[in-house]
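Q: The structure under discussion is supplied below as structure tokens; questions concerning it will follow.
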């Protein structure tokens, strides 16, 4: 048995169980964890270490919820920029909503909501520290929505798979009589 600090920090996490008991059938969980790490590196690159000409100006930040979103939906700026920003902020957090329930024993939407919010908020604060971009509360809202949307995609896929398996069992004569 290998003792890894990760197991003690996240005892309910499936990744912790891989290292704890060395179960070979959980290789897929390990692969998912690797994919999550790659995703987080890409996310870090997109949100923090991007090539940006904008310098951070705390006074220019948006602290009013939905202000930027309504601005994009009304008239300013161009439609292309609005779609790229709104959809992009949602889209980049969808994988997080997929990865969390795949790696956690308790796959509740609240866990995804908190994780999406925390990571998005941290990225906005880190942008301030590195002086890239502008703090925008709407980015946090859109990112968090993206994570929860990803969780919804996970739940829908899980239901579809369970229904198919149930139907295949009935079609093969393996269903129990009522």
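The values are calculated or read from the model by the stated rules, or taken from the named source; none is laboratory data. All of these numbers come straight from a predicted model, not from anything done at the bench. A quick note on method: Cβ atoms are made from the backbone with ideal geometry, for glycine too, and the neighbour counts reach across all protein chains shown.
Q: Tell me which helices (runs of 4 or more DSSP H) are completely within the stretch 83-178 and hold 2 or more residues being exposed (fewer than 15 other Cβ atoms within 10 Å of the Cβ) and out of contact with any helix residue (DSSP H, G or I) (no Cβ under 7 Å at 6 or more places or on another chain), or say none if there are none.
A: Hits in the stretch 83-178: 109-130, 137-171.
Q: Related question: One residue is enough: does the stretch 20-28 have a residue meeting the conditions modelled with pLDDT of 90 or more and surrounded by fewer than 16 Cβ atoms within 10 Å (Cβ to Cβ)?
A: no
Q: Looking at the stretch 47-72, which of its residues are touching a helix residue (DSSP H, G or I) at 6+ places or on another chain (Cβ under 8 Å), at pLDDT 85 or above, part of a helix (DSSP H, G or I) and more than 16 Å from residue 144 (Cβ to Cβ)?
A: If the condition is that a residue be touching a helix residue (DSSP H, G or I) at 6+ places or on another chain (Cβ under 8 Å), at pLDDT 85 or above, part of a helix (DSSP H, G or I) and more than 16 Å from residue 144 (Cβ to Cβ), then 67, 72 are the ones that fit.
Q: Can you tell me which condition residue 99 does not meet? The list is (1) more than 16 Å from the chain's Cα centre (by Cα); (2) in contact (Cβ under 8 Å) with a residue 24 or more places away in the chain, and all the others hold.
A: Failing condition for residue 99: (1).
Q: Sticking with this one: Output yes when any residue across the stretch 105-117 is modelled with pLDDT of 95 or more and within 19 Å of residue 50 (Cβ to Cβ), and no when none is.
A: Taking every residue of the stretch 105-117 in turn, none turns out to be modelled with pLDDT of 95 or more and within 19 Å of residue 50 (Cβ to Cβ).
Q: Residue 44: surrounded by 12 or more Cβ atoms within 10 Å (Cβ to Cβ), at pLDDT 75 or above and in a helix (DSSP H, G or I), yes or no? So that I can check it myself, show each step before the final result.
A: Details: surrounded by 12 or more Cβ atoms within 10 Å (Cβ to Cβ): yes; at pLDDT 75 or above: yes; in a helix (DSSP H, G or I): yes.
The answer is yes for residue 44.
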